[in-house]
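J.: Before I ask anything, let me first share the structure, which is written out below as structure tokens.
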Amino acid sequence: MKVLRATALIALLLGPAYAQVPQVNLIPDTPSKTPEEREADQARDRAYKESLKKIPDAKASSDPWGTMRSDPPKASVNNAAVNKAAANKATVKPAAKTAAKPRTRTGSTQN
């Protein structure tokens, strides 16, 4: 009698758990495509690629704040002189480095 009760209890507990297991078919029985279907797919792909070529190029920039910015400074005599001075500074060699002084430690503990 105890065995019958234990078997019934296990069956009652396994019922809801078995219902939650997904029924997955790992090997589907779908046939491969026929040559006509392959040709139709290739024609569809070609038509799609041709339609993409017909789309015009996008605009170079869509800057919503473009009108809020000020114009860059225009070249003038003063700007030309500043640019020339900056170019001259870049060509000048930097000053020679001086020898560094040895560092001295202060305090009571030295390693």
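J.: Having 2 or more residues that are modelled with pLDDT of 75 or more and out of contact with any helix residue (DSSP H, G or I) (no Cβ under 9 Å at 6 or more places or on another chain) is the bar; report the helices (runs of 4 or more DSSP H) wholly within the chain that clear it.
T.: Numbers: elements: 2-19, 35-53, 77-91.
Fully inside the chain and qualifying: 2-19, 35-53.
J.: Note down all Cβ pairs under 9 Å where the first residue falls in the stretch 18-39 and is of a type in the set (A, V, I, L, M), the second is surrounded by fewer than 10 Cβ atoms within 10 Å (Cβ to Cβ) and not in a loop (DSSP other than H, G, I, E, B), and they're at least six residues apart or on different chains.
T.: none
J.: Taking the stretch 19-63 only, how many residues are β-branched (V, I, T) and under 35 Å from the mean Cα position of the chain (by Cα)? First the steps, then the outcome.
T.: We begin by selecting, within the stretch 19-63, every residue β-branched (V, I, T); these are 21, 24, 27, 30, 34, 55.
After this cut, where a residue has to be under 35 Å from the mean Cα position of the chain (by Cα) as well, the list is 24, 55.
Qualifying residue count, the stretch 19-63: 2.
J.: Now for a different question. When you check T7 against the structure, is it surrounded by 10 or more Cβ atoms within 10 Å (Cβ to Cβ) and of a type in the set (S, T, N, Q), yes or no? Can you show your working first?
T.: On the way: surrounded by 10 or more Cβ atoms within 10 Å (Cβ to Cβ): yes; of a type in the set (S, T, N, Q): yes.
Against the criterion (surrounded by 10 or more Cβ atoms within 10 Å (Cβ to Cβ) and of a type in the set (S, T, N, Q)), T7 qualifies.
The values are calculated or read from the model by the stated rules, or taken from the named source; none is laboratory data. Being a predicted model, the structure only gives us computed values, none of them experimental. In this analysis, Cβ positions are derived from the backbone assuming ideal geometry, glycine residues included, and neighbour counts consider all displayed protein chains.
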